[in-house]
Amino acid sequence: MIKLVYGPKGFGKTKIIIDDVNSTVKTAKGNVVFITDKKMDTVSIDINVRIVNTEEYGIKSASAFEGFVKGLIAGNSDIEYIFIDGIARITGSGLNELEHFFNDVSKLSEGHKVNCEFTISAAKEDLPKYLLSYLG
(Lines give C-alpha, C1' and ligand atoms only; values in the text may rest on other atoms or scores of the structure.)
Protein backbone atom coordinates (compact mmCIF):
# COMPACT_ATOMS: atom_id res chain seq x y z
CA MET A 1 0.00 0.00 0.00
CA ILE A 2 1.17 3.49 -0.80
CA LYS A 3 -0.04 6.57 1.05
CA LEU A 4 0.69 10.21 0.24
CA VAL A 5 1.00 13.17 2.59
CA TYR A 6 0.82 16.22 0.36
CA GLY A 7 0.55 19.96 0.66
CA PRO A 8 2.45 23.14 -0.13
CA LYS A 9 5.87 23.90 1.32
CA GLY A 10 5.48 24.84 4.99
CA PHE A 11 2.24 22.87 5.37
CA GLY A 12 3.69 20.58 8.07
CA LYS A 13 4.09 17.38 6.05
CA THR A 14 7.25 16.33 7.89
CA LYS A 15 5.51 16.67 11.26
CA ILE A 16 2.56 14.63 9.94
CA ILE A 17 4.79 11.83 8.65
CA ILE A 18 6.81 11.75 11.89
CA ASP A 19 3.56 11.47 13.86
CA ASP A 20 2.55 8.61 11.53
CA VAL A 21 5.95 6.93 12.06
CA ASN A 22 5.67 7.13 15.83
CA SER A 23 2.09 5.91 15.82
CA THR A 24 2.88 3.01 13.49
CA VAL A 25 5.95 1.75 15.34
CA LYS A 26 3.81 1.10 18.44
CA THR A 27 1.75 -1.56 16.66
CA ALA A 28 4.02 -2.74 13.84
CA LYS A 29 4.93 -6.40 13.82
CA GLY A 30 7.88 -5.75 11.51
CA ASN A 31 10.56 -3.09 11.15
CA VAL A 32 9.84 0.58 10.47
CA VAL A 33 12.20 2.70 8.35
CA PHE A 34 12.18 6.51 7.99
CA ILE A 35 14.07 7.89 4.98
CA THR A 36 14.95 11.54 4.49
CA ASP A 37 17.59 13.66 2.83
CA LYS A 38 17.61 16.33 5.50
CA LYS A 39 19.80 16.58 8.53
CA MET A 40 17.23 16.85 11.25
CA ASP A 41 16.73 16.46 14.94
CA THR A 42 15.67 12.84 15.23
CA VAL A 43 14.89 13.01 18.95
CA SER A 44 11.19 13.21 18.07
CA ILE A 45 11.34 9.84 16.26
CA ASP A 46 10.87 6.65 18.27
CA ILE A 47 14.17 4.90 19.03
CA ASN A 48 12.88 1.68 17.42
CA VAL A 49 12.66 3.30 13.97
CA ARG A 50 15.58 2.90 11.58
CA ILE A 51 16.44 6.39 10.29
CA VAL A 52 18.25 6.63 6.95
CA ASN A 53 19.69 9.85 5.51
CA THR A 54 20.06 9.47 1.75
CA GLU A 55 22.75 12.17 1.59
CA GLU A 56 25.13 9.62 3.10
CA TYR A 57 24.60 7.35 0.07
CA GLY A 58 24.86 9.86 -2.79
CA ILE A 59 21.37 9.23 -4.15
CA LYS A 60 20.55 11.78 -6.85
CA SER A 61 17.98 10.14 -9.14
CA ALA A 62 14.74 8.19 -9.08
CA SER A 63 16.43 5.04 -10.42
CA ALA A 64 19.17 5.24 -7.78
CA PHE A 65 16.58 5.69 -5.04
CA GLU A 66 14.47 2.84 -6.39
CA GLY A 67 17.52 0.57 -6.24
CA PHE A 68 18.21 1.79 -2.72
CA VAL A 69 14.68 0.93 -1.56
CA LYS A 70 14.85 -2.47 -3.26
CA GLY A 71 18.16 -3.09 -1.50
CA LEU A 72 16.66 -2.21 1.87
CA ILE A 73 13.82 -4.67 1.35
CA ALA A 74 16.08 -7.38 -0.07
CA GLY A 75 18.44 -7.02 2.87
CA ASN A 76 15.70 -7.06 5.51
CA SER A 77 12.56 -9.06 4.80
CA ASP A 78 11.15 -7.91 8.16
CA ILE A 79 10.54 -4.34 6.95
CA GLU A 80 6.82 -3.65 7.25
CA TYR A 81 6.73 0.14 6.80
CA ILE A 82 8.87 2.63 4.90
CA PHE A 83 8.25 6.35 5.39
CA ILE A 84 9.89 8.68 2.85
CA ASP A 85 10.05 12.40 3.55
CA GLY A 86 10.48 14.43 0.35
CA ILE A 87 10.52 12.02 -2.59
CA ALA A 88 10.98 14.76 -5.21
CA ARG A 89 13.78 16.36 -3.19
CA ILE A 90 15.54 13.04 -2.60
CA THR A 91 15.44 12.03 -6.26
CA GLY A 92 15.93 15.50 -7.73
CA SER A 93 12.94 14.77 -9.96
CA GLY A 94 9.70 16.55 -10.71
CA LEU A 95 6.50 14.69 -9.86
CA ASN A 96 5.75 14.13 -13.56
CA GLU A 97 9.05 12.25 -13.84
CA LEU A 98 8.27 9.80 -11.01
CA GLU A 99 5.43 7.76 -12.50
CA HIS A 100 7.66 4.78 -13.35
CA PHE A 101 9.17 4.93 -9.85
CA PHE A 102 5.74 4.89 -8.17
CA ASN A 103 4.54 2.03 -10.41
CA ASP A 104 7.58 -0.06 -9.46
CA VAL A 105 7.35 0.78 -5.76
CA SER A 106 3.64 -0.06 -5.79
CA LYS A 107 4.41 -3.53 -7.19
CA LEU A 108 7.23 -3.95 -4.69
CA SER A 109 4.95 -2.86 -1.85
CA GLU A 110 2.27 -5.37 -2.82
CA GLY A 111 4.69 -8.21 -3.50
CA HIS A 112 6.61 -7.85 -0.24
CA LYS A 113 3.78 -6.58 1.99
CA VAL A 114 5.60 -3.32 2.72
CA ASN A 115 3.55 -0.18 3.37
CA CYS A 116 5.07 3.02 1.99
CA GLU A 117 4.20 6.60 2.89
CA PHE A 118 5.60 9.60 1.01
CA THR A 119 5.54 13.34 1.55
CA ILE A 120 5.01 15.43 -1.57
CA SER A 121 5.19 19.21 -1.78
CA ALA A 122 2.18 19.97 -3.97
CA ALA A 123 -1.44 20.95 -3.61
CA LYS A 124 -3.98 18.27 -4.55
CA GLU A 125 -4.89 20.05 -7.79
CA ASP A 126 -1.20 20.05 -8.81
CA LEU A 127 -0.68 16.31 -8.36
CA PRO A 128 -0.20 14.33 -11.58
CA LYS A 129 -3.12 12.00 -12.41
CA TYR A 130 -1.12 8.85 -11.66
CA LEU A 131 -0.72 9.92 -8.02
CA LEU A 132 -4.46 10.40 -7.44
CA SER A 133 -4.95 6.64 -7.04
CA TYR A 134 -2.75 6.73 -3.92
CA LEU A 135 -4.86 9.32 -2.09
CA GLY A 136 -6.81 7.92 0.83
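The values are calculated or read from the model by the stated rules, or taken from the named source; none is laboratory data. Note that the structure is predicted; figures quoted are calculated from it, not measured. Cβ placement follows ideal geometry from the backbone for every residue including glycine, while neighbour counts extend to all protein chains displayed.
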Can ILE120 be described as at pLDDT 95 or above, closer than 19 Å to VAL52 by Cα and part of a helix (DSSP H, G or I)?
no
Taking first residues from the range 111-135 that are in contact (Cβ under 8 Å) with a residue 24 or more places away in the chain and closer than 16 Å to ARG89 by Cα and second residues anywhere that are among the acidic types (Asp, Glu) and surrounded by 13 or more Cβ atoms within 10 Å (Cβ to Cβ), the pairs with Cβ under 7 Å that are 6 or more apart or on different chains are GLU117/ASP20; THR119/ASP85
Looking at ALA64, ALA74, which is the one that is over 28 Å from LYS29 (Cα atoms), out of contact with any Leu (no Cβ under 8 Å at 6 or more places or on another chain) and not hydroxyl-bearing (Ser, Thr, Tyr)?
ALA64
